[in-house]
Amino acid sequence: MSSRSTRLTILHLSVLLAFIVAPRRSEGQFEEWCIADEQVPDDELQRALDWACGKGGADCGDIQVKRPCFYPNTVRDHASYAFNSYYQKFKHKGASCFFNSAAMVTALDPSHGSCKFEYVP
């Protein structure tokens, strides 16, 4: 097999794998959630979390004590839930998953246990 045909085979397999691995909705849209960036310090995440749950209008009820997304009780986990709530609620009105560089989009559903992260197509 030539070098060129090997590269083409690898390219084809890579494209095929991307379609198999990435979650999609029936209308062809890829699912996306907004989560806290792992590299952002907690104090920056806390400021963004406070905004999202306050002026931002995110639904932060499920990260309160005795609610399904309270644990793990970390700023990063709570920020991820709040960022995603805001993003899903307002993305069709032009909102982004930015939060002053504290967040990022992922194609992997961050839900865990009884804590379900919303996805709006």
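The values are calculated or read from the model by the stated rules, or taken from the named source; none is laboratory data. Please read these numbers as outputs of a predicted model, since none were measured by experiment. FYI the Cβ positions are ideal-geometry reconstructions off the backbone, even for glycines, and counts take in every protein chain you see. In case anyone asks, the SASA skips ligands and DNA or RNA and just uses the protein heavy atoms, side chains included. Shrake-Rupley method; radii C 1.70, N 1.55, O 1.52, S 1.80 Å.
Please work out which residue is nearest to residue 38 (Cα to Cα), limiting yourself to the stretch 82-121 and to residues that are hydroxyl-bearing (Ser, Thr, Tyr) and within 12 Å of the chain's Cα centre (by Cα).
Out of the qualifying residues, it is 106.
Confirm whether residue 80 is surrounded by 16 or more Cβ atoms within 10 Å (Cβ to Cβ) and closer than 20 Å to residue 41 by Cβ.
Answer is yes for this residue.
Taking into account only those residues within the stretch 46-68 that are under 10 Å from residue 99 (Cβ atoms) and assigned to a helix (DSSP H, G or I), which is most open to solvent (accessible area, probe 1.4 Å)?
Among those that are under 10 Å from residue 99 (Cβ atoms) and assigned to a helix (DSSP H, G or I), it is 47.
Out of the residues in the stretch 83-98 that are in contact with a strand residue (DSSP E or B) (Cβ under 8 Å, 6 or more places away or on another chain) and either of a type in the set (Phe, Trp, Tyr) or under 22 Å from residue 42 (Cα atoms) (or both), which is most open to solvent (accessible area, probe 1.4 Å)?
The selected residue is 86.
Quick test for you: out of 117, 99, pick the one residue that is on the phi > 0 side of the Ramachandran plot and among the hydrophobic types (A, V, I, L, M, F, W, C).
Answer to the check: 99.
Would you confirm, using the coordinates I've provided, whether residue 48 is in contact (Cβ under 8 Å) with a residue 40 or more places away in the chain and of a type in the set (Gly, Ala, Ser)?
Yes: the conditions hold for residue 48.
Hey, among the residues in the stretch 103-121 that are surrounded by 14 or more Cβ atoms within 10 Å (Cβ to Cβ) and among the polar types (S, T, N, Q), which one's nearest to residue 66 (Cα to Cα)?
Here the residue is 111.
Is it the case that residue 43 is under 24 Å from residue 116 (Cβ atoms), open to solvent by 50 Å² or more (accessible area, probe 1.4 Å), in a helix (DSSP H, G or I) and modelled with pLDDT of 95 or more?
no
Does residue 32 count as open to solvent by 30 Å² or more (accessible area, probe 1.4 Å) and touching a residue at least 40 places away in the same chain (Cβ under 8 Å)?
Spelling it out, residue 32 is indeed open to solvent by 30 Å² or more (accessible area, probe 1.4 Å) and touching a residue at least 40 places away in the same chain (Cβ under 8 Å).
Which condition breaks for residue 74 when tested against (1) under 17 Å from the mean Cα position of the chain (by Cα); (2) closer than 23 Å to residue 90 by Cα?
Answer for residue 74: the failing condition is (2).
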